[in-house]
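Novice: Could you have a look at this structure, given as structure tokens, before my questions?
Derivation of every value follows stated rules applied to the coordinates shown; laboratory data play no part. The structure presented is a predicted model; accordingly, all values stated were derived computationally and were not measured. In this analysis, Cβ positions are derived from the backbone assuming ideal geometry, glycine residues included, and neighbour counts consider all displayed protein chains.
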Amino acid sequence: MPATRLGQARGLETILECRITAYPHAVNYWQKDGRRVVSSSKHRIEAYDDGDNKLTLSLRIADIDVDDYGRYDCVAANALGTDQQAIHLFGTNFRSLLLARLHTV
């Protein structure tokens, strides 16, 4: 699956999401630059059970700063193997982002 790109301005927050289908049950987590992301005041990880061995894994990133931009991997691993999906978070200009949203309303 091709990597997803998501833009967000510094100082705001964003939520990254991925859908996971796995049987048997998988261990699911987020990585940034090869390091596991853990829940903290900066990052909040939540899993939502969608039924039928599917779930949505989300990562909320608060108060985005330059260090938050980059590649995030949603990883699912079980006895049958490991899979991951990449999401690239990049910086945007807040004014451009606001104007783009106004034009879509």
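Novice: Can you tell me the relative contact order of region 4-103? Whole percent, Cα pairs under 8 Å, sequence separation 6 or more.
Specialist: 39
Novice: Still on this model: Determine the sum of side-chain charges near R60: Lys and Arg each +1, Asp and Glu each -1, restricted to other residues whose C-beta is under 14 angstrom from that of R60.
Specialist: Counting the neighbours of R60, the net charge comes to -2.
Novice: Calculate, for D63 and D83, the FRET efficiency according to 1/(1 + (r/R0)^6) with r their C-beta to C-beta distance and R0 35 Å; round to the nearest 0.05.
Specialist: Computed FRET efficiency for D63 and D83 comes out at 0.70.
Novice: Would you look at the GNM of the chain, springs on alpha carbons closer than 10 Å, and say which of I61, I15, I87 moves the most?
Specialist: Of the options given, I15 has the highest mean-square fluctuation.
Novice: Grab the DSSP H runs of the chain that are 4 residues or longer, score each as -39,500 (n - 2.57), total them, divide by all residues and round the 222 nm result to the nearest 500 deg cm²/dmol.
Specialist: -3000 deg cm²/dmol
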